[in-house]
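Trainee: Dropping a structure here in structure tokens format, bear with me for questions.
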Amino acid sequence: MQGTEIILGIETSCDETSAAVVQGGRKILANVISSQVDLHAEYGGVVPELASRRHVELITPVVRAALREADLSFSDINAVAVTCGPGLVGALLVGLSYAKGVALARGLPLLGVHHTAAHIYANLLATPDLEPPFLSLVVSGGHTSLVLMRDHGAYELLGRTVDDAAGEALDKVARALGLGYPGGPAIEKLARSGDPEALQLPRAVVRDHPLDFSFSGVKTAVLNHLNRMRQRGEEVNKADVAASLQRAVVDALTERALAAARSTGSKKIALAGGVAANRELRTRLKEQAACKGIEVIVPPAILCTDNAAMVACAGYYYLKRGFTAPYTLNAVANLPL
């Protein structure tokens, strides 16, 4: 039977300030997200110092808004869950310091949550009957990983990017095309009118580690193509470039995910992370997985982006298993899963 504990979740790992209230691990009472996209757009990417300062300004009003939306107060909270890494260390420290203050002042358990694990837990919020074990493909601007979630708090990293993350490659090409930030959604929108076979782009394979990813090569190939075209004074078909890049990235993600499912015998693949909102990735993976009798689970777009509801969800299951953290918990920018 699902518990009734109410968890306050806090997420400040990058450029979203978010606070959420989740009951029993699955029921979202509030999930407030304040994005900094407009702040960083003029720089073409996240500026860590600016992100940290904005988190300081927003964390208190965002938490208050979440409690107000849930019609609760701090006295109703049973524990505080917070992202402690990986991420921008200054940004992480803002959320962690606030969470520790609340937990210490109220005498509540503190729950430190890994950012990648939190993204995986977003699927439990979207799919009430989902329970481990299952395979997860986590794809975002900073992470591309294949994780076998054996149980709550028990993860096996099967594959990871050895260089650029998928979202990072999309963002950098989008910047070169003048599409602005964030680049992933812009690439996806432009790709709809392009030819995905226009450019013959590489699909890198990591020798001796077939489940690992590498997107540096495809990113460099696209940038080199753009440079050659401009040096010749030729017009660049941006839609074709976007479509070709997206196809190459989706091919690699789909191929590795299905290979991981085959090697582990998993019949469920849960998508997670910001790039999980990409329609071509969702469609292609679902279609190819269905042919092999594998179910693909995808959370709604609002739970793909960084949000505190997924942190609170993970925190609930950590609390039930006694995975509490000391009040001395620190932020770790490159925290391993």
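Trainee: Could you size up the charge dipole of segment 120-196 around its Cα centre, putting +1 on the beta carbon of Lys and Arg and -1 on that of Asp and Glu, and report it in debye to the nearest 20?
Mentor: Computed about the Cα centre, the dipole is about 260 debye.
Trainee: Report the relative contact order of the chain, percent, no decimals, based on alpha-carbon pairs under 8 angstrom and at least 6 residues apart.
Mentor: Computed value for the chain: 25 percent relative contact order.
Trainee: Okay, next question. Quick check: net charge around MET229, other residues with Cβ under 14 Å of its Cβ, Lys/Arg +1 and Asp/Glu -1?
Mentor: +1
Trainee: Ranked highest first by average number of other Cβ atoms within 10 Å, how do 6-17, 56-67, 316-327 line up?
Mentor: Going by the mean number of other Cβ atoms within 10 Å, highest first, we get 6-17, 56-67, 316-327.
Trainee: Would you list which lysines come within 19 Å of LYS27, measuring only between C-alpha atoms, while excluding same-chain residues fewer than 8 positions from it?
Mentor: Qualifying lysines at Cα under 19 Å: LYS320.
Trainee: A follow-up question, please. Taking R0 as 22 Å, what's the FRET efficiency between ARG192 and GLN288 from their Cβ-Cβ distance, rounded to 0.05?
Mentor: E(calc), rounded to 0.05, equals 0.60.
Trainee: Taking amide hydrogens as modeled 1.01 Å from N in the peptide plane, which residues meet the under 5 Å criterion relative to LEU29, leaving out close sequence neighbours?
Mentor: VAL21, VAL22, GLN23
Trainee: Contact order normalised by length for segment 1-138, with contacts defined as Cα pairs under 8 Å and 6 or more residues apart; what percent is it?
Mentor: Value for segment 1-138: 26 percent.
Trainee: Would you mind computing, in nm to one decimal, how far apart the modelled labels at ARG64 and ASP151 are, each placed 7 Å from Cα along Cα→Cβ?
Mentor: It is 4.3 nm.
Trainee: If you don't mind, another one. Report the full-extension gain for the segment GLU235 to ASN334: residue separation times 0.36 nm, less the Cα-Cα distance, to one decimal in nm.
Mentor: 31.6 nm
Trainee: How high is the FRET efficiency from ARG262 to LEU223, r the C-beta distance, R0 35 Å, rounded to 0.05?
Mentor: Between ARG262 and LEU223 the formula returns 0.60.
Trainee: For the chain, set up a Gaussian network in which alpha carbons nearer than 10 Å are linked by springs, and say which option among LEU258, LEU50, LEU245 fluctuates the most.
Mentor: LEU50
Trainee: How many lysine pairs in segment 134-298, separated by 8 or more positions in sequence or lying on different chains, have Cα atoms less than 15 Å apart?
Mentor: 8
Trainee: Further, regarding this structure: Please give the charge dipole size of segment 199-274, origin at the Cα centre, charges +1 on K and R Cβ atoms and -1 on D and E Cβ atoms. Round to the nearest 20 debye.
Mentor: For segment 199-274, the charge dipole is close to 120 debye.
Trainee: Report the residues of segment 255-296 in range of a label on ASP129: point 7 Å along Cα→C-beta, backbone N strictly under 14 Å from it.
Mentor: 295
Trainee: Pick out which of MET149, MET229, MET310 has the largest mean-square fluctuation in a Gaussian network model of the chain, springs linking Cα atoms closer than 10 Å.
Mentor: Of MET149, MET229, MET310, the most mobile in the Gaussian network model is MET229.
Trainee: Here is a follow-up. Under 8 Å for C-alpha pairs, at least 6 residues apart: give me the relative contact order for segment 160-250, rounded to a whole percent.
Mentor: It comes to 41 percent, rounded to a whole number.
Trainee: Relative to the Cα centre, what is the charge dipole magnitude of the chain, using +1 at the beta carbon of each Lys and Arg, -1 at the beta carbon of each Asp and Glu, and rounding to the nearest 20 debye?
Mentor: About 340 debye.
Trainee: Right, something else. Around ILE120, under 15 Å between beta carbons, what's the net of Lys plus Arg minus Asp minus Glu among the other residues?
Mentor: Cβ neighbours under 15 Å give a net charge of -1.
Trainee: Here is a follow-up. Pick out, from HIS152, LEU170, THR116, the residue whose Cα sits farthest towards the positive end of the charge dipole of segment 111-176, with +1 on the Cβ of Lys and Arg and -1 on the Cβ of Asp and Glu.
Mentor: LEU170
Rule-based calculations on the coordinates, nothing more; no lab input. Computed from a predicted model, the values in this text were never measured in an experiment. Glycine gets a Cβ as well: all are built from the backbone with ideal geometry, and neighbour counts include every protein chain shown.
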